[in-house]
Ligand code: PRP
């Protein structure tokens, strides 16, 4: 049995064509089914539906052989025990620093102000501001980061931006680009050795189906 870990939403939707290229079709849709283990057309392949940030953990421990995880999530996880053979070029967005429209970020940085930054991506934020030599106090949040500067919890946020619609709707502006983000295939290293006959053709099919 080959187990593939995916998260609901954009990653699931955009992984379907890649699975299809490998001859794998999901028999149920996670948006309508509450099942967490989804069968496929192949008796030897199943999908498991986990939180996006948990995908690397399931693959690291071998509970899933393969998974699809954003670079944002992989950077926070550290990637220990994971083979990352392919950038799937899906679920693309940008990791950005954002502040209120009326906040002068550049002059705050120039003056050496100590900034409060709210984010789900603490590791990414720590590395970014350390590289710039900006002193920050990081506040860990689990979602709705855009709210933090509006109610005085933080001066800035580090978050994913796709269309920019959420920033705009909340009177925020992006002031720094940290990284381009896309989703990667992650593979358990032991599984790749033990089940190479089943896994390698999937990797080849995915590689051939990646949008340029
Ligand atoms: C992400 C991100 C932003 C939003 C950006 O949240 O955290 O809030 O999308 O998208 P936009 O630029 O197109 O408006 P998501 O909806 O994935 O939920 P999350 O907070 O659970 O990550």
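The values are calculated or read from the model by the stated rules, or taken from the named source; none is laboratory data. Just so it is clear, the model here is predicted, and its values are computed rather than measured. Ideal geometry is used to build each Cβ from the backbone, glycine not excepted, and the neighbour counts take in all protein chains shown.
Figures for the structure shown
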item: Filter result (surrounded by 15 or more Cβ atoms within 10 Å (Cβ to Cβ), without any contact (Cβ under 8 Å) to a residue 60 or more places away in the chain and away from the ligand (no atom under 16 Å from the Cβ)) within region 17-41; result: 19, 26, 28, 38, 40
item: Residue check, residue 177 over 23 Å from residue 64 (Cβ atoms), assigned to a helix (DSSP H, G or I) and either out of contact with any strand residue (DSSP E or B) (no Cβ under 7 Å at 6 or more places or on another chain) or in contact (Cβ under 8 Å) with a residue 40 or more places away in the chain (or both); result: no
item: Near pairs, Cβ below 8 angstrom, 6+ apart or cross-chain, from region 151-168 (in contact (Cβ under 8 Å) with a residue 60 or more places away in the chain) to any residue that is within 8 Å of the ligand (Cβ to nearest atom) and assigned to a strand (DSSP E or B); result: 160/93; 161/93; 162/93; 167/161
item: Top-ranked residue of region 114-133 - restricted to ones that are in contact (Cβ under 8 Å) with a residue 12 or more places away in the chain and more than 24 Å from residue 74 (Cβ to Cβ), ranked as farthest from the chain's Cα centre (by Cα); result: 114
item: In region 113-141, the residues that are farther than 12 Å from residue 155 by Cβ, surrounded by fewer than 15 Cβ atoms within 10 Å (Cβ to Cβ) and touching a strand residue (DSSP E or B) at 6+ places or on another chain (Cβ under 8 Å); result: 140
item: Residue match in region 134-145 (condition: touching a helix residue (DSSP H, G or I) at 6+ places or on another chain (Cβ under 8 Å), within 16 Å of the ligand (Cβ to nearest atom) and assigned to a helix (DSSP H, G or I)); result: no
item: Residue within region 18-41 that is over 16 Å from residue 207 (Cα atoms), modelled with pLDDT of 95 or more and within 18 Å of the chain's Cα centre (by Cα) present; result: no
item: Test: residue 163 is assigned to a loop (DSSP other than H, G, I, E, B) and crowded, with 16+ Cβ neighbours inside 10 Å; result: no
item: Region 106-124, residues that are more than 16 Å from the ligand (Cβ to nearest atom), assigned to a loop (DSSP other than H, G, I, E, B) and in contact with a helix residue (DSSP H, G or I) (Cβ under 9 Å, 6 or more places away or on another chain); result: 113
item: Members of region 45-68 found to be buried (at least 18 other Cβ atoms within 10 Å of the Cβ) and assigned to a loop (DSSP other than H, G, I, E, B), listed by number; result: 50, 64, 65
item: Meets criteria (under 30 Å from residue 175 (Cα atoms) and surrounded by fewer than 16 Cβ atoms within 10 Å (Cβ to Cβ)) for residue 110; result: yes
item: Residues within region 146-160 that are surrounded by 19 or more Cβ atoms within 10 Å (Cβ to Cβ) and outside any helix (DSSP H, G or I), tallied; result: 6
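Conditions tested, residue by residue: (1) out of contact with any helix residue (DSSP H, G or I) (no Cβ under 8 Å at 6 or more places or on another chain); (2) within 16 Å of the ligand (Cβ to nearest atom); (3) more than 15 Å from residue 121 (Cα to Cα); (4) modelled with pLDDT under 95.
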| position | (1), (2), (3), (4) |
| --- | --- |
| 162 | yes, yes, yes, no |
| 179 | no, yes, no, no |
| 194 | yes, no, yes, no |
| 202 | yes, no, yes, no |
